[in-house]
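In what follows, a single structure is set out as structure tokens and then discussed.
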Amino acid sequence: MGRQKSDDPVIKPFAGPAGGWGSVRSLAEILPRERVPPEAFRELARQNKPEGFACVSCAWPKPADHHPAEFCEEGAKATAWELTSLRTTPEFFAQHSLTELRGWKDYDLEQHGRLTHPLRYDPATDKYVAVAWDEVFADIGAVLRPLDPRSVVFYASGRASLEASYMYGLMARLYGCQNLPDSSNMCHESTSVGLKAAIGVPVGTTQLEDFDHCDAIFFFGQNVGSNAPRMLHDLRACRKRGVEIVTFNPLRERGLERFTDPQNPVEMVTLGETGISTQYHQLRVGSDLAAMTGIAKWLLLWDDAALAAGEAPVLDHAFIAEHTHDFAPFADAVRAADWDEIERETGLSRDALKDAAAVYARSKAVMAIYGMGLTQHVRGVDNVRMVVNLLLLRGNIGRPGAGPTPVRGHSNVQGQRTVGITEKTELVPVGKLGMQYGFKPPSEKGLDTVETCRGIIDGSVRAFVSLGGNFLRAVPETGPMEAAWPNLDLSVQIATKLNRNHLFPGRVSYLLPCLGRIEQDMQATGPQAVSVEDSTSCIHGSRGKASPASPHLLSEPAIVAGIAKQMLPPNPKIDWDAWVGDYSLIRDAIEETYPAIFPDFNRRLFTPGGFWKGNKASERIWQTPSGKAEFFPPAALSATGFGDVQGRYRLMTLRSNDQFNTTIYGYHDRFRGVKGTRDVLFMNEEDMTQAGIVEGQVVALESDAEDGIARRREGLIVTRYAIPKGCLGAYYPEANILIPVEHHAEQSHVPAAKSIPVKIRL
Ligand SMILES: Nc1nc2c(c(=O)[nH]1)N[C@H]1C(S)=C(S)[C@@H](COP(=O)(O)OP(=O)(O)OC[C@H]3O[C@@H](n4cnc5c(=O)[nH]c(N)nc54)[C@H](O)[C@@H]3O)O[C@H]1N2
Ligand SMILES: Nc1nc2c(c(=O)[nH]1)N[C@H]1C(S)=C(S)[C@@H](COP(=O)(O)OP(=O)(O)OC[C@H]3O[C@@H](n4cnc5c(=O)[nH]c(N)nc54)[C@H](O)[C@@H]3O)O[C@H]1N2
Ligand SMILES: [Mo]
């Protein structure tokens, strides 16, 4: 297996729609490249179906009345990635030292295929060597037992099942550790904090049916065509019904413009396509607070005029009076906001915002869909709260077709929270856990992702255990983080493929290969099923049937149990082996801990469309201190947290259409017309002229944070792009070296990866 060269880049605009023949061609490339066995095609037919498996890509809900093929281009890539016949064996590691592998690109590391054996790092040779599972667990237990539990971190990436996640969180708490950061700390934590404060639930209030009842959708900072493509079917259906879709995004993302349904033979043959957005506002990076303030200004103005003229009001005053708190300070702040400042910040005219406000004002039911473009800013929580403000103005929460709709990332990231993976004690029924298992769970707050980074850099974190993911690549400040990682006493990585984090060993290091969700999980009582929760709080069963990548793999529950049994003293109330032998016993335990969410869990496991865990805000029951939904006066118009000074740009870090987070499937960002490279800097044409930069010029970016620390990313090819002035775009994770650890959302600690202060160096 050779390494794919990323040279010979081709960058030219892409004229096609999202979906369509482009997505079919893209699959025709990846399936043979991953050398997927014929059974992979059978597995695709079972993807996201009742009794099938839940896609390992995104968390978009899986409908009860499914399509013949309920998967998208990205989901199929994720399946091919997991079912590849390529293998990363002990022989591979015998040939390559970690020092050598650190020179490889992310793509090349994962492209060698699935990990096959448990491995231990040998410092003498700088290589991983195969080791028996018994030894693995005994050694990990021996290192962990004497450590202060508060110096150990148990990270989870959002893909592991509810069963594995419940065991993982329980294991950490039994050990005395609350340090359970997860990928949502880098993702939708701004949602969890913002929605909880505003409406009393940490998650969105809508479900798939709401797409049948809305008459407008406001869409902020989510790239549906690449990151949740199955939603395009719902959006297309909305457009066919005449629903207006108003989009705010600095880039014209193709999936938000138009879509050809690859599953619709007529559209495919006629090259038909559906326009998605009816209004597209290319606002400046980080300016959504200003844009929403502008919309609210129009609404207040029209409402005042309607009331004065004795006409029907624009705002839902009855709802505001009965269900909300603090409307007056919010309205005052909006009225006080200055139009010139709003226009300067957003780069949009007040008339453009008037068009958006007019759609909002005439619509009876509005959904607000959003993603990382809102959450990953210094004022990311304020962004989320501003979305709620807007919805509250016309009672757009808690009725059909209306409500906040955050689009979650990993396929079970929301579910991991539900079953206890969080550093926030108040989200966990610790009292109940204490009774169920006869122990005193730790009560102090644990470390989140940002605090973990600080702790690794300053040496206070001594051991790191990872249930999936690529922490070291996904976090900010990757330079100092990579330098500090080898000081850890222990680094344990449970994974399916080799990634960059695995190349930075601690004093003792293990790389432990596990089964993927698509593979058959055979245990003492027979083949097991697992479960996940989607973005709309529906819980689905998932049964893998493909043959495991290697006979030496263990399931994630088995690996967690293996560590737990060595690290913890025996507990008469927990039979780890029985749980591993029969996952329905883990589900019984989950049901006992969370009786309101999981009644009759085992029987309802394979409910078509999933079973809903319920949501009080959607019933207009507000679990907030005031008992009402909270308006929140915006404190600023910019979400960036830094000023605009000469030569400073707002850099946003982006995913391509050919990656899943740090997993790079290939070098083709089809929708943005980039092929053969990821070393791209998207830049505004006028900015280029002003800076004297020409198309194709290679430049470096430097951090322009005011902390005096040097951070630099070399070798970026400047690409003229339709991006607002003063803004730049580059790919994640390669750009993460430019993000300071302390550049994060104020209240949620989500790294502010969408507005990083940088300057260009020629
Ligand atoms: N195929 C695939 N699917 C995925 C993933 C993947 O990597 N690949 N990742 C998964 C995960 S973990 C997650 S969290 C989701 C991520 O999915 P998204 O939430 O779509 O995240 P990003 O790709 O980072 O893109 C964010 C979008 O926000 C826009 N944006 C950037 N800054 C701003 C801003 O200031 N304001 C506004 N309004 N927009 C802005 C960008 O132009 C981009 O279109 O997708 C999940 N699904
Ligand atoms: N600059 C910047 N940084 C970002 C973001 C951004 O937009 N910009 N996005 C942030 C977001 S939203 C997220 S969610 C994080 C993602 O951070 P992570 O979730 O930590 O990273 P992933 O890239 O999803 O992890 C990929 C690895 O997971 C392992 N894996 C895959 N499947 C399985 C499995 O079934 N079991 C196990 N045990 N392992 C498996 C594989 O070894 C693979 O290499 O990154 C964050 N970082
Ligand atoms: Mo995410």
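The values are calculated or read from the model by the stated rules, or taken from the named source; none is laboratory data. Because the structure is a prediction, the values reported are computed rather than measured. Here the Cβ positions follow ideal geometry from the backbone for every residue, glycine too, while neighbour counts run over all protein chains shown. SASA here: full protein model, heavy atoms, side chains in, ligands and nucleic acids out. Shrake-Rupley method; radii C 1.70, N 1.55, O 1.52, S 1.80 Å.
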- prompt: Taking the stretch 228-266 only, how many residues are within 14 Å of ligand 1 (Cβ to nearest atom) and either open to solvent by 30 Å² or more (accessible area, probe 1.4 Å) or of a type outside the set (V, I, T) (or both)?
  reply: 16
- line: Expected output for the stretch 93-106 (first residue of a type in the set (S, T, Y), partner surrounded by fewer than 17 Cβ atoms within 10 Å (Cβ to Cβ), Cβ below 6 Å, 6+ apart or cross-chain) is S97/D126; T99/D126
- line: Flagged in the stretch 151-201 as closer than 26 Å to D577 by Cα and of a type in the set (G, A, S), in numbering order, are A156, S157, G158, A160, S161, A164, S165, G169, A172, G176
task: Could you tell me whether the stretch 459-466 includes any residue that is in the same structural domain as F137 (by TED's automatic domain parsing) and free of Cβ contacts under 8 Å to residues at least 40 places away in the same chain?
output: yes
message: Quick check on the stretch 483-498: of everything there that is in a loop (DSSP other than H, G, I, E, B) and open to solvent by 10 Å² or more (accessible area, probe 1.4 Å), which residue is nearest to A546 (Cα to Cα)?
response: T496
- request: Identify, by number, the condition in (1) among the aliphatic types (A, V, I, L, M); (2) touching a Gly at 6+ places or on another chain (Cβ under 8 Å); (3) not in a loop (DSSP other than H, G, I, E, B) that V465 doesn't meet.
  value: (2)
- line: Residue hits (the stretch 124-162; of a type in the set (S, T, N, Q) and open to solvent by 50 Å² or more (accessible area, probe 1.4 Å)) are T125
- request: Confirm whether Y649 is away from ligand 2 (no atom under 16 Å from the Cβ) and within 30 Å of K12 (Cα to Cα).
  value: no
statement: Contact list, first residue from the stretch 247-266 and outside the structural domain of N684 (by TED's automatic domain parsing), second anywhere and assigned to a helix (DSSP H, G or I) and acidic (D, E), beta-carbon distance below 7 Å, six or more apart or interchain, is F248/D288; T260/E267; D261/E267
- prompt: Among the residues of the stretch 646-658, which ones are in contact with a strand residue (DSSP E or B) (Cβ under 9 Å, 6 or more places away or on another chain) and part of a loop (DSSP other than H, G, I, E, B)?
  reply: G647, R648, R655, S656, N657, D658
- request: Can you tell me which residue among R507, R543, R473 is farther than 30 Å from E209 by Cβ, more than 9 Å from ligand 2 (Cβ to nearest atom), open to solvent by 10 Å² or more (accessible area, probe 1.4 Å) and not hydrophobic (A, V, I, L, M, F, W, C)?
  value: R507
- prompt: From the residues in the stretch 740-762 that are assigned to a loop (DSSP other than H, G, I, E, B) and in contact with a Lys or Arg (Cβ under 8 Å, 6 or more places away or on another chain), which one is surrounded by the fewest Cβ atoms within 10 Å (Cβ to Cβ)?
  reply: E746
- request: Can you give me the number of residues within the stretch 473-492 that are hydrophobic (A, V, I, L, M, F, W, C) and within 16 Å of ligand 3 (Cβ to nearest atom)?
  value: 2
query: Taking the condition in a helix (DSSP H, G or I) and modelled with pLDDT under 95, does V269 pass?
result: yes
- request: Please specify each residue of the stretch 686-714 satisfying the condition of being open to solvent by 30 Å² or more (accessible area, probe 1.4 Å), among the charged types (D, E, K, R) and in contact (Cβ under 8 Å) with a residue 40 or more places away in the chain.
  value: E702, E706, R712
message: Quick test for you: out of G380, G373, pick the one residue that is open to solvent by 10 Å² or more (accessible area, probe 1.4 Å) and either modelled with pLDDT under 95 or within 16 Å of ligand 2 (Cβ to nearest atom) (or both).
response: G373
task: Could you list all residues from the stretch 662-678 that are surrounded by fewer than 19 Cβ atoms within 10 Å (Cβ to Cβ) and assigned to a loop (DSSP other than H, G, I, E, B)?
output: G673, G676
field: Enumeration of residues in the stretch 399-420 that are more than 15 Å from ligand 1 (Cβ to nearest atom) and either open to solvent by less than 10 Å² (accessible area, probe 1.4 Å) or assigned by TED's automatic domain parsing to the domain that holds F211 (or both)
entry: R399, P400, G401, A402, G403, V419, G420
